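Each value in this text was obtained by applying a stated rule to the coordinates, not by laboratory testing. Every value quoted in this text rests on a predicted model; they were computed, and no experiment measured them. Note that each Cβ is placed from the backbone with ideal geometry, even for glycine, and that neighbours are counted across all protein chains shown.
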Amino acid sequence: MSPFTDTVPADRDSLRNIPLKDLLSDIADRMKLLASKEVELVKAEIKADVKSELAMARDLTIAAVCGLLGLNLLLIAAALALATLVPAWAAFLIVAAPFVVLAVVLGMVGWAKRGKTLLAASKASFKEDFEGMKNPLLRNRPVEVREDTWKARERRPE
C-alpha cells in the first residue's frame, strides 16, 4: 500500500512535493481498493437477492399446495352436498367429470404445441458433416451456409 492511502495533504502545495510515481501508485491502490469493495458489494447483493427469491419461491410453493388442498376439500364438500340428491358415487362423478375433461383438453392442447422436429436443421447439418468426414472426396469442398435453415450444404462444382 502507498504511504498516502490513509492521509490527505493539508493543502495543494504539499501535493506538489509528492513524487508523481507515488501519486500514481496511490491512485492505482485506491482504484484496486474501490474495485474490490464494489465486488464485495455485488456479492453481498446477489446473496441477499438469491436468499429473498428462494424465500419467495418457498412461500409461493406452500401457498399453492395449501390452495390445492383447500380446493380439493371444497370439491369433496360439493360432492357430499350433491350426494343428498343423488347417490354418492354419482355425485362424486358429477363433480370430478369437468376436471377430467379439462385435464384431457389442456393435455391435448399442450401436446399439439410440442416440437415435432427438434433440432432438425442441426441434425441434418451434423449428418452431412459426418458423411463428409467419411467420404474423402468431399472433405476439401467449400461449404455454403444457408441462413434460412442454418444448414451447411456442400457446393456443387459447375
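If you go through segment 102-114 one residue at a time, how many are in a helix (DSSP H, G or I) and either of a type in the set (S, T, N, Q) or over 17 Å from residue 71 (Cβ atoms) (or both)?
Looking only at segment 102-114, we keep the residues that are in a helix (DSSP H, G or I), and these are 102-112.
Then keep just the ones that are either of a type in the set (S, T, N, Q) or over 17 Å from residue 71 (Cβ atoms) (or both); that gives 104-105, 107-112.
So the count comes out to 8.
Tally the residues that are surrounded by 11 or more Cβ atoms within 10 Å (Cβ to Cβ) and more than 27 Å from the chain's Cα centre (by Cα), restricting the search to segment 104-125. Write out each step before concluding.
Within segment 104-125, the first condition is being surrounded by 11 or more Cβ atoms within 10 Å (Cβ to Cβ), and the residues that meet it are 120-125.
Checking which are more than 27 Å from the chain's Cα centre (by Cα) leaves us with 124-125.
Of the residues in segment 104-125, 2 are surrounded by 11 or more Cβ atoms within 10 Å (Cβ to Cβ) and more than 27 Å from the chain's Cα centre (by Cα).
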* Structure fact -> Expected output for segment 113-130 (first residue touching a residue at least 60 places away in the same chain (Cβ under 8 Å), partner surrounded by 12 or more Cβ atoms within 10 Å (Cβ to Cβ) and in a helix (DSSP H, G or I), Cβ below 9 Å, 6+ apart or cross-chain) is none
* To do: Only residues in segment 12-40 that are surrounded by 10 or more Cβ atoms within 10 Å (Cβ to Cβ) count as the first member; pair them with residues that are of a type outside the set (Ser, Thr, Tyr), Cβ under 7 angstrom, at least 6 apart or cross-chain, and list the lot.
  => 15/9; 18/4; 22/4; 26/4; 29/1
